[in-house]
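Below: one structure, written as structure tokens.
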Amino acid sequence: MNLPTTHTLTPHAEGALLYYTFPTLDAVPFVRHAVSTRLGGVSEGIFESMNLSFGRGDDPVRVRENFDRLCGAIGVETERIVLSRQEHHTFVRNVTAADCGKGITRERDYDDFDGLLTDEPGVVLCTQYADCVPLLFADPKRRVVGTSHSGWKGTVAEMGRVTVERMVTDYGCRPEDIVAGIGPSIGPCCFEVDEPVYDRFSEMSVWDETCVKRMPNGKFYIDMWQVNRRILLAAGLRDEHISVTDLCTRCRPDVFWSHRATNGVRGSLAALISIAE
């Protein structure tokens, strides 16, 4: 397979398994992280092959094996995962070791959390995607990590800013110390929206017309990568501390799960981050 070229992320291939990491986070010694692809798993049929969602009809035994493969590659334990329960809002949950396994080996006792934070080693935070924007965070000084799911609604509501603010208020982080990654997701080449959605973006304080391409048919192509980058800059992160993807999930549905490319018949990607024990 001809894999996509990237100038901003780091690809990792172990046999058939392919995942990506962010240079900003790779530079933090205690961070273990990954954004998955759909390659290197054991799922079959419409979920072939690396599906990381238990909730879309795939065989849970195969999904567990997929998690085991990805976790093994980055040196974390599947049993230590805490899985988000995403509703396209901006609620962020502080996670501890008492939450480990929720969504994987036991039921979740929470709803409506699109972001997860922890300062406890060994806890593995996991959010899920199929075109929406993965946001990963680490504070090298306070030893805090986080991951947040930012679809278009979350982006308009500035999920990145909300996550940074929670790192500051709850863990004593300073924005200028935080490093972040904006992961593979639907790009400015493919994120077509109608006027009501465009209007929501145009009301944002970080917005200007360089974030959109207007089409003759009255549609708009919005650059959510750039919008999320600006959100993080406005929240106080340094530009050099932000890695921004150049990989569009909609352009490469052979490598990534894409909701739009498959009309919703799909598996899910995952973003994982953990503090090494």
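The values are calculated or read from the model by the stated rules, or taken from the named source; none is laboratory data. Source: prediction; values computed, not measured. Every residue, glycine as well, gets a Cβ built from its backbone with ideal geometry; the counts of neighbours run over all protein chains shown. Side chains are part of the model used for accessible areas, which takes the heavy atoms of the whole protein and leaves out ligands, DNA and RNA. Shrake-Rupley method; radii C 1.70, N 1.55, O 1.52, S 1.80 Å.
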Number of positions in the stretch 1-14 that are in contact with a Gly (Cβ under 9 Å, 6 or more places away or on another chain) and at pLDDT below 95: 1
Identify the residue in the stretch 78-87 that is in contact with a Ser or Thr (Cβ under 9 Å, 6 or more places away or on another chain) and open to solvent by 20 Å² or more (accessible area, probe 1.4 Å) and, among all such residues, is modelled with the lowest pLDDT. GLN86
Answer yes if at least one residue in the stretch 227-245 is over 19 Å from the mean Cα position of the chain (by Cα), on the phi < 0 side of the Ramachandran plot, touching a residue at least 12 places away in the same chain (Cβ under 8 Å) and open to solvent by less than 10 Å² (accessible area, probe 1.4 Å), and no otherwise. no
Would you check which residues across the stretch 21-49 are touching a Leu at 6+ places or on another chain (Cβ under 6 Å) and within 15 Å of ARG69 (Cβ to Cβ) and list them? ALA34, SER36, THR37, LEU39, GLY40
For the list (1) in contact with a Ser or Thr (Cβ under 8 Å, 6 or more places away or on another chain); (2) among the hydroxyl-bearing types (Ser, Thr, Tyr); (3) open to solvent by 10 Å² or more (accessible area, probe 1.4 Å), I need the number of the one condition that TYR221 fails. (1)
Hey, which of the strands (runs of 3 or more DSSP E) in the stretch 1-71, taking only ones fully inside, have at least 1 residues that are surrounded by 23 or more Cβ atoms within 10 Å (Cβ to Cβ) and in contact (Cβ under 8 Å) with a residue 40 or more places away in the chain? 17-21, 31-36
Which condition number in (1) open to solvent by 60 Å² or more (accessible area, probe 1.4 Å); (2) closer than 21 Å to ASN51 by Cα is the one that ALA271 fails? (1)
From the list ASP59, ASP119, which one is out of contact with any strand residue (DSSP E or B) (no Cβ under 6 Å at 6 or more places or on another chain) and of a type in the set (Asp, Glu)? ASP59
Taking the stretch 72-87 and keeping only residues that are part of a strand (DSSP E or B) and among the basic types (Lys, Arg), one is left with ARG85
When the stretch 88-109 is checked residue by residue, the ones that are open to solvent by less than 20 Å² (accessible area, probe 1.4 Å), out of contact with any helix residue (DSSP H, G or I) (no Cβ under 8 Å at 6 or more places or on another chain), in a loop (DSSP other than H, G, I, E, B) and without any contact (Cβ under 8 Å) to a residue 40 or more places away in the chain are VAL95
Tell me, yes or no, whether the stretch 153-163 has at least one residue that is of a type outside the set (Gly, Ala, Ser) and free of Cβ contacts under 8 Å to residues at least 40 places away in the same chain. no
